[in-house]
Amino acid sequence: MKIAGIHLARFFAFVDIVDLNPRGKAYFPDLVKAVVQRYHFAKFPQKIEDFDESKGITFQGGRTEDFTIDQIVVFEHAIYVDTSTSTEASQNLLIEMLSWLAKDNGLTFEPRLITRCTYVSQLTFFSDSMTKAFSPALIRLSEKLNKRVPEYYRQPLNYVPNGFLLSYDPLSIKAGPSNFSIERRADVLYSENKYFSSAPLPTNEHIALLEELEKEL
């Protein structure tokens, strides 16, 4: 298996924003100005309507010395950070930013204020073994389609399993973790054996899980 690229590395932290500013000491426009200066965001809240936590207060196109920041979005009860580096980088960035704002800009922050968290890791990879993950029943179904559909369509076709999805009942929990999926990369020939995968895991665990799956196959 060879990793082609990291598309999304999201750290989603559940934290009550009121707990970060319990006595209203910190003035949000000043915090925004400080964050923009430190992380060089190209897009950030400027108008009153941009400061709506119910819709998400968004910072986009920032950077640190080591990597770019796709976006940071602040809600009433959560904050998430997106990079294309790793979920570890996204998580460390959020902790570093909140700690700095607490030290120099009037916020209140301790890691315990993050009550729980989740991740979204999305990446592409090459693998010559992934087709073996599909059951013989699906292979047989593909063969039946390859025989019957061209009889109607008047053109040869080659159906194969495209991917799979592991999920939980979405009605069982509100705002739960994302699904785990592997599918062939869109707009790429199947013969290139390039896949897209999404997982509710840190980036390094996601990669390790794919490597373990490939070994088992």
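Key figures
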quantity	calculated
Cross-link table Lys147/Lys194; Lys132/Lys194; Lys2/Lys194, entries beyond 18 Å C-alpha to C-alpha	Lys147/Lys194
Where the Cα pairs of segment 1-85 fall when distances are cut into 5 Å bins, in %	3, 13, 21, 25, 20, 9, 4, 3, 2, 1, 0
Among (1) 1.10; (2) 1.20; (3) 0.95, the entry that matches Rg/Rh (Cα atoms, Kirkwood Rh) as calculated here	(1)
Helix 28-39 vs. the chain, principal-axis angle (Cα, 0 to 90°, nearest 10)	60
The chain, dipole about Cα centre (Lys/Arg Cβ +1, Asp/Glu Cβ -1), debye to the nearest 20	580
Nearest 10 degrees, 0 to 90: helix 136-153 Cα axis against the chain principal axis	70
Degrees separating the helix 203-216 axis from the principal Cα axis of the chain, which is the longest one	20
Long-range Cα-Cα pairs in segment 41-118 (distance over 15 Å), rounded percent	60
Net charge of Cβ neighbours under 13 Å - reference Pro202; Lys, Arg +1; Asp, Glu -1	-1
Spatial extent of segment 54-176: Rg and Dmax, with the Cα atoms as the point set, Å	22.8, 71
With 10 Å bins from 0: P(r) over segment 168-217, alpha-carbon pairs, percent	22, 40, 30, 8
Leading residue at positive end of dipole, segment 125-216 (Cβ point charges), from Pro200, Gln155, Ser142	Gln155
For the chain, built as a Gaussian network whose Cα springs stay under 10 Å, the top-fluctuating residue of Asp169, Asp30, Asp19	Asp169
Computed helical MRE - 222 nm, the chain, DSSP H runs ≥ 4 contributing -39500 (n - 2.57), nearest 500	-9500 deg cm²/dmol
Charge tally in the Cβ shell below 14 Å around Tyr27, where Lys, Arg are +1 and Asp, Glu are -1, Tyr27 excluded	+1
Percent RCO, i.e. relative contact order, over the chain, from Cα pairs under 8 Å lying at least 6 residues apart	25
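Read-outs throughout are calculated quantities, based only on the coordinates presented, and are distinct from any laboratory measurement. What you are looking at is a predicted structure, and each value in this text was computed from that prediction instead of being measured. Cβ sites come from the backbone with ideal geometry, for glycine too, and all protein chains shown count toward neighbours.
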